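Peer 1: Quick one: structure below, then a few questions.
The values are calculated or read from the model by the stated rules, or taken from the named source; none is laboratory data. Predicted model only: the values in this text are computed from it and were never measured. Heads up, the Cβs are rebuilt from the backbone with ideal geometry, glycines too, and the neighbour counts pull from every protein chain shown. In case anyone asks, the SASA skips ligands and DNA or RNA and just uses the protein heavy atoms, side chains included. Shrake-Rupley method; radii C 1.70, N 1.55, O 1.52, S 1.80 Å.
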Amino acid sequence: MRRIFSLLFFVMMAAAAIGQSTIKGVLYDDESGEAIPFANVLLEGTKHATSTDINGFFLINKIPDGTYTILIRYVGYADYREEVTLTRGQVLNRNIKLKENVQLLKDVVITSNRMEERKVETQVSVEKVTATQIQQMPSIGGQADIAQYMQVLPGVNSTGDQGGQLYIRGGSMIQNLCLIDGMIVYNPFHSIGLYSIFETDVILNADIYTGGFGAEYGGRLSSVMDITTRDGNKKRHSGKVSINTFGANLIVEGPLKKEKGEKDKSTLTYLVAAKGSYLSKTSKWIYPYIKGGLPFDFLDVYAKMSLNSGTGSKWNLFGFRYDDKVTAYQSIADYHWTNWGVGTNFVLVTGTSALLDGTVAYSSYKINMEDATDKPKRSGVSGFNASLNVTNFFGKHKLKAGIVFDGYATDYIFTNQYGITKDPGTQYTNNISGYITFKCNVNDKLLIEPGFRYIYYTSQQEHSPEPRLAMKYNATDHLRFKLAGGLYSQMLLDARSDNDIVNLFSGFLSGKSSLDLGRRNGEENDSYLQKAQHVIIGAEYDLNRHLSFNLEGYFKNFSQLLNMNHNKMFDKHDAAYQDGGAYEKPDYLTSDFVYEKGMAYGMDFSVRYEIERLYVWGTYSLGWVTRSNDGDGRYHPHYDRRHTINLLVTYALGKQREWELSARWNYGSGFPFTQTQGAYENIVFNGEGIGTDYTRANGEFNLHYAELYKGRLPSYHRLDLGVKRKFSLGKRCQLDLNLSATNIYSRENIFYFDRTTFKRVNQLPILACLGITFSY
């Protein structure tokens, strides 16, 4: 396979050197020097057009000889025009700096830019999110966060204010791939569901795929969250300090080496961001009506150094460390997780129409949980990922290919309700994959983007060929139809107890030797891969420049899943079981894990209204999720939510829009849960065995559970409000005041039910938060 991709690489590079004239370059912000992604670049009066990528790079090739006017447009900046003359075979390089528009933007520009982007990109089941969009949310906890924004996206279900768990179109947490600057992050959310581990102000862009993602992504069954951070300020040292009733934030950035005119355009910058929560120390006196306070503590640190050539090529070195701790919350559990990683990536703009990029990274995640059972629960996963990609442009078409290496180790120990402990030790898994995608603009109406990914799981010696496809048809200037689908596979396994109504523990497993599996439908099965197939169809309609609609129907078939067996009652490795069994126990009573099948299907509808000062975003999701196995039959897992509604409204006031009002309302029908059938005393026949006097022996308190997930929790809904006021303190300094409140009408949304004490624990009540931010 290495030879095939090496040959493909050289063919693409050679093809890039042949053709007509080419215009390429990088788009920068004149004030900070930051690259500007997704700007429209066109030759005025022609059909030659493109948009800048995530690094601000653009390329238009196969241009006939002649004189043209380059026109560049992007929201918030003045239009850029330049007349150029091209001769055959010429490659024209332009590094362009856009100046901010001193006038307030009109909504017509914002909407037309977005409409043009939707016509030239397939964009099926994907949301492109920027820091500006995230900050339109009511800033719960004093700061906007992508965790809050993701909860309003169609197809995304959340456990609520606490728990830090998101489920995307029928996929469990472990089936969601999260990347930051190309590095895998195994758990991107904090225990309090208002925060992610990402600092909003350093996010350049986040692509959220809820299904049907392309061949450049692999190793997960359900969804992808691909986050790219921005570089530090190339022109001056700057920063931001924020303090609120929940926590504090700090960002510092600036140049270590500045541009020195036309002869030396290279720059070296730094960016450091930190945020932390001190709720455990302040909540008891700020929110005295919350019994025991809010024992959520976390500290996040992210740092990045960027070397830019000034011609589009760049190299980044980055690292992070995140720490989360919850202590004795409502007697549920104490748990602590740590998450850290380091990595490097690069982009190389060649002298042809090809673009090279790559990533090498390592990250680690560990969690330790102690609950009322006093039984060990801990897990960890750590590993590396490396990739090399080449992108080639052929006029309106684009070909991209790459090779990816992944390797990780898992460590896990867990004791179930029957007292059986699973401790497989450290397990290692490696895989190598290659992919190719081709974006073909057949004409102005039809876009086709086929792809193919091949994964070889070396530790399991299993192959997984995975074709992918995305299409869009521009029926009219206002109506578009779209389709996406593909095959997907995954080795990483989630290991947790399914009996808990809310489970804060996430376990990770991999490797054949750690998976004691039963038979599938009574038959032997040698495959340890989890597999899924996606089909998504949809339509987009722009009623006018201000109002647009999006409707998508989806079907995910999980043809093979592996799940922790909560029904295990007998340890087949125990000598007493091996010698004393008069009959063979079924697999679902003896195996650690079971094979499952599943389906997720439904529809997502969204409406967006934008006018000069008003922004309205509404979504409705209808979905079903099912699983089935030999022990439980067919059931609905704990993240099966039938109805989800989200409404977000933002309005700007004042001559300079210095005031901003925002509101968000969320509704979700109840999640399934396993009810408690009863309680009993479990006599442990230790020492004397059958001679134990059970009438005098002290047993253990045990619960008897009802059928799996036959109950339903009450529905969840809450209203959040926010108001912001901006004060200009000069050309480069600004002071922001933020007042927000979550759960305005103090809805008693259930979070947890303590089975031992029969005590109900609710989600967060009404919480007001005041914050102040100083930027310089």
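Peer 1: Would the range 295-305 turn up any residue that is in contact with a Leu (Cβ under 7 Å, 6 or more places away or on another chain), among the hydrophobic types (A, V, I, L, M, F, W, C), more than 24 Å from S775 (Cβ to Cβ) and assigned to a loop (DSSP other than H, G, I, E, B)?
Peer 2: no
Peer 1: A further question on this structure: Kindly indicate whether G292 is surrounded by fewer than 18 Cβ atoms within 10 Å (Cβ to Cβ), touching a residue at least 12 places away in the same chain (Cβ under 8 Å) and not in a strand (DSSP E or B).
Peer 2: The answer is yes for G292.
Peer 1: Looking at the range 14-28, I want the residues that are surrounded by 15 or more Cβ atoms within 10 Å (Cβ to Cβ) and have a partner that is of a type in the set (F, W, Y) and at pLDDT below 85 with Cβ atoms under 9 Å, at least 6 apart or on another chain. Which pairs are those?
Peer 2: A15/F394; A16/F394; G19/F394
Peer 1: List, please: which pairs have Cβ atoms under 8 Å, are six or more places apart or on different chains, and start with a residue in the range 441-455 that is more than 19 Å from A401 (Cα to Cα) and end with one that is open to solvent by 50 Å² or more (accessible area, probe 1.4 Å) and not in a strand (DSSP E or B)?
Peer 2: Pairs that qualify, where the first residue is more than 19 Å from A401 (Cα to Cα) and the partner is open to solvent by 50 Å² or more (accessible area, probe 1.4 Å) and not in a strand (DSSP E or B), are D444/K47.
Peer 1: Need the failing condition index for L43 against (1) surrounded by 19 or more Cβ atoms within 10 Å (Cβ to Cβ); (2) closer than 18 Å to I203 by Cα, just the number.
Peer 2: Unmet for L43, out of (1) surrounded by 19 or more Cβ atoms within 10 Å (Cβ to Cβ); (2) closer than 18 Å to I203 by Cα: (2).
Peer 1: So A273 clears everything in (1) aliphatic (A, V, I, L, M); (2) open to solvent by 30 Å² or more (accessible area, probe 1.4 Å); (3) closer than 30 Å to A741 by Cβ except one condition, right? Which one?
Peer 2: (2)
Peer 1: So, one more: If I ask for residues that are part of a strand (DSSP E or B) and either within 29 Å of F346 (Cα to Cα) or among the charged types (D, E, K, R) (or both), which ones from the range 44-67 would you list? Steps first, answer last, please.
Peer 2: Let us first name the residues in the range 44-67 that are part of a strand (DSSP E or B), namely 49-51, 57-63, 66-67.
Across the range 44-67, the qualifying residues are A49, T50, S51, F57, F58, L59, I60, N61, K62, I63.
Peer 1: Hey, among the residues in the range 726-739 that are under 30 Å from G254 (Cβ atoms) and part of a strand (DSSP E or B), which one's least open to solvent (accessible area, probe 1.4 Å)?
Peer 2: It comes out as N738.
Peer 1: Continuing with this model, one more query. Out of the residues in the range 347-368 that are farther than 20 Å from D300 by Cα and aliphatic (A, V, I, L, M), which is surrounded by the fewest Cβ atoms within 10 Å (Cβ to Cβ)?
Peer 2: The initial filter retains those residues of the range 347-368 that are farther than 20 Å from D300 by Cα, namely 347-360.
Subset that is aliphatic (A, V, I, L, M): 347-349, 354-356, 360.
Working: V347: 24, L348: 15, V349: 21, A354: 21, L355: 24, L356: 17, V360: 17.
Among residues in the range 347-368 that are farther than 20 Å from D300 by Cα and aliphatic (A, V, I, L, M), the one surrounded by the fewest Cβ atoms within 10 Å (Cβ to Cβ) is L348.
Peer 1: Considering only the range 81-125, state which residues are modelled with pLDDT of 65 or more and hydroxyl-bearing (S, T, Y).
Peer 2: Of the residues in the range 81-125, the ones modelled with pLDDT of 65 or more are 81-101, 120-125.
Within the range 81-125, T85, T87, T122, S125 qualify.
Peer 1: If you don't mind, there's one more thing I want to ask. So which of V360, V381 is modelled with pLDDT of 95 or more and either within 18 Å of Y186 (Cα to Cα) or not in a strand (DSSP E or B) (or both)?
Peer 2: On the way: V381 fails: modelled with pLDDT of 95 or more.
Result: V360 is the single residue among V360, V381 that is modelled with pLDDT of 95 or more and either within 18 Å of Y186 (Cα to Cα) or not in a strand (DSSP E or B) (or both).
Peer 1: May I pose another question? Could you grab me the full set of residues in the range 694-725 that are touching a residue at least 12 places away in the same chain (Cβ under 8 Å) and open to solvent by 90 Å² or more (accessible area, probe 1.4 Å)? Show your work before the answer.
Peer 2: Just the residues of the range 694-725 that are touching a residue at least 12 places away in the same chain (Cβ under 8 Å), to begin with: 697, 699-725.
Those that are touching a residue at least 12 places away in the same chain (Cβ under 8 Å) and open to solvent by 90 Å² or more (accessible area, probe 1.4 Å): E700, F701, H704, E707, K710, R712.
Peer 1: Within the range 475-493, track down each residue that is in a strand (DSSP E or B) and surrounded by fewer than 19 Cβ atoms within 10 Å (Cβ to Cβ). Reasoning before the result, please.
Peer 2: The initial filter retains those residues of the range 475-493 that are in a strand (DSSP E or B), namely 479-490, 493.
Residues satisfying the conditions are L479, F481, L483, L487.
Peer 1: From the residues in the range 754-770 that are out of contact with any Phe, Trp or Tyr (no Cβ under 8 Å at 6 or more places or on another chain) and either of a type in the set (A, V, I, L, M, F, W, C) or in a strand (DSSP E or B) (or both), which one is farthest from I286 (Cα to Cα)?
Peer 2: We begin by selecting, within the range 754-770, every residue out of contact with any Phe, Trp or Tyr (no Cβ under 8 Å at 6 or more places or on another chain); these are 754-755, 757-758, 764, 768, 770.
The next check asks that each one be either of a type in the set (A, V, I, L, M, F, W, C) or in a strand (DSSP E or B) (or both); those that pass are 754, 758, 764, 768, 770.
Numbers: D754: 26, F758: 29, L764: 14, A768: 9, L770: 11 Å.
Here the answer is F758.
Peer 1: Give the range 55-95 a look and list any residue that's closer than 23 Å to T132 by Cα, out of contact with any Phe, Trp or Tyr (no Cβ under 6 Å at 6 or more places or on another chain) and of a type in the set (V, I, T), or say none. Talk me through it step by step, then tell me what you get.
Peer 2: First, the residues of the range 55-95 that are closer than 23 Å to T132 by Cα: 55-58, 72-80.
If we keep only those that are out of contact with any Phe, Trp or Tyr (no Cβ under 6 Å at 6 or more places or on another chain) as well, we get 55-58, 73-80.
Once the filter is applied, which keeps residues that are closer than 23 Å to T132 by Cα, out of contact with any Phe, Trp or Tyr (no Cβ under 6 Å at 6 or more places or on another chain) and of a type in the set (V, I, T), the range 55-95 yields only V75.
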